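One structure below.
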Amino acid sequence: MTYAIGLDVGVTNVKAVCVTPAGQIIARQSFPTLADSPDWPQRVEANIAELESKHGRAAYLGLSAPGVAAPDGSRIRWMRGRLIEVQDLRWSEFLARPIPVLNDAQAALLGEIWQGAARGASNAILITLGTGVGGAAMVDGRILKGHLGRAGHLGHITVDMHGPTDICSLPGSIEYHIGDYSIPQRTAGAFRHTHELVRAYRDGDPHAKKIWLASLQALAATIASLINVLDPQIVIIGGGIIAAGDALLTPLTELLRPIEWQLNDEPRVPIVLAQLAEYAGALGAAHNAIESAKPS
């Protein structure tokens, strides 16, 4: 059977999926990255060998990982913090076979377009809300990569020029205004994590309501700005915060509609929650490998 292996390398776990070009999932599994050990890439190689011992040699291999991916798909060209070995590791040379590389958010967007919430879209935005804020964009059927591969880092958009700086030295980014890492600072220590804030919001806590709606107002302004720049068919919200469900989507949509630029009587841009959960990146990496192998 002709199939692809998609690998989504994270700091904690590596997600792997075996999938046919038609989208049939043959197998999927997760194993610890053990990122503190510099030999973790060998563990990825061993996992590929294990999968192929069960299912035969894969026709395609694809990989995604955090960091800035080189536009040519050869490697992650910039990564800070843990998982530093991924930076400039040329996977095709390491594994001695073709393996195109994507940023993890880019791969997740491809997965959602292939088999998830944005199935079939050619213009779409993914915003991932977790510890920080990530994202990716597809424009006219192509993942937006840019000159150096920085395109699509949607968390680093200023919504308050007087706000604290983020890891990219940007003041008042949307990452600060809704990322989980800043919750203690934004709530003056009242809450440690976003899920605690959302729980209090659901319970009618007025302080929590004020903070949560302010966060969503900043997110709505970011989405409205991205709609003006990229003109998507659909906006997907992913990441851990989507567990908030209607407490996220309903007020966000209400805050977005008055500021969304609507052309005549064209329909509003749908705002939806991601569907593929933890295997979106692996599926997107597999799909990218299949598409990259096609003649240009």
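Throughout, read-outs are computed from the coordinates displayed, never taken from laboratory work. What you see is a predicted model; the values in this text were computed from it and never measured. Cβ sites come from the backbone with ideal geometry, for glycine too, and all protein chains shown count toward neighbours.
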(request) Can you tell me the order of 194-203, 284-293 when each peptide is scored by its average per-residue count of other Cβ atoms within 10 angstrom, highest first? (result) 284-293, 194-203
(request) Please list, or write none, the lysines whose alpha carbon is within less than 21 Å of the alpha carbon of Lys294, excluding same-chain residues fewer than 8 places away. (result) Lys145
(request) Evaluate the Debye formula for segment 81-143 with equal point scatterers sitting on the alpha carbons, no solvent, and hand back log10 of I(q)/I(0) at q = 0.13, 0.23, 0.27 Å⁻¹, in q order, two decimals. (result) -0.46, -0.97, -1.07
(request) Compute the length gained on full extension between Asp265 and Asn13: take 0.36 nm times their separation in residues and subtract their Cα-Cα distance, giving the result in nm to one decimal. (result) 86.2 nm
(request) Considering only Ser53, Ser30, Ser92, give the residue with the highest GNM mean-square fluctuation for the chain, with springs between Cα atoms whenever their separation is below 10 Å. (result) Ser53
(request) In a Gaussian network model over the chain where Cα atoms closer than 10 Å are linked, find which of Ile25, Ile113, Ile143 has the largest mean-square fluctuation. (result) Ile25
(message) Full-extension gain between Ala59 and Glu278, please, as 0.36 nm times their residue separation minus the C-alpha to C-alpha distance.
(response) 76.5 nm
(request) Starting from the Cα of Ala243, step 7 Å along the direction of its Cβ; do the same at Trp78; then give the gap between the two resulting points in nm. (result) 3.1 nm
(message) Using alpha carbons only, how many angstrom separate the centre of segment 56-130 from the centre of segment 1-45?
(response) 12 Å
(request) Classify the chain as rounded, prolate or oblate from the Cα gyration tensor: take a ≥ b ≥ c as the square roots of its eigenvalues, call it rounded if a/c is under 1.5, otherwise prolate when a/b beats b/c and oblate if not. (result) prolate
(message) Taking loop as defined by DSSP and a crowding limit of 14 other beta carbons within 10 Å, which trypsin sites (Lys or Arg not before Pro) in segment 1-73 fit?
(response) Arg57
(request) Under 1.5 on a/c is rounded, so check that first for segment 202-295, then, if it is not, pick prolate when a/b is larger than b/c and oblate when it is not; a ≥ b ≥ c are the square roots of the alpha carbon gyration tensor eigenvalues. (result) oblate
(request) Could you compute the FRET efficiency for Met161 and Arg28, with r as their C-beta to C-beta distance and R0 at 35 Å, rounded to 0.05? (result) 0.20
(message) Between helix 40-55 and the chain, what is the angle of the helix's C-alpha long axis to the longest principal axis, kept within 0 to 90° and rounded to the nearest 10?
(response) 60 degrees
(message) For a test of the definition: using alpha carbon positions, the gyration tensor, and the 1.5 limit on a/c, classify segment 1-76 as rounded, prolate or oblate.
(response) oblate
(request) Enumerate the calculated ³J(HN,Hα) couplings along segment 152-159 in order (Karplus 6.51 cos²θ - 1.76 cosθ + 1.60, θ = phi - 60°), each rounded to whole Hz, writing x wherever the residue is Gly or Pro. (result) x, 7, 6, x, 9, 10, 6, 10
(request) Springs between alpha-carbon atoms under 10 Å, Gaussian network over the chain: tell me which of Asp88, Asp166, Asp205 tops the mean-square fluctuations. (result) Asp205
(request) Tell me which residues come under 5 Å, amide H to amide H, from Leu276 once H is placed; ignore anything under 5 positions away on its chain. (result) Ala117
(message) Only bridges whose two residues both fall in segment 22-139 count here: according to DSSP, what percent of them are antiparallel, nearest 5?
(response) 65 percent
(request) Starting from the Cα of Lys210, move 7 Å in the Cα-to-Cβ direction to define the label point; list residues of segment 159-197 whose amide nitrogen is under 14 Å from there. (result) 186-191
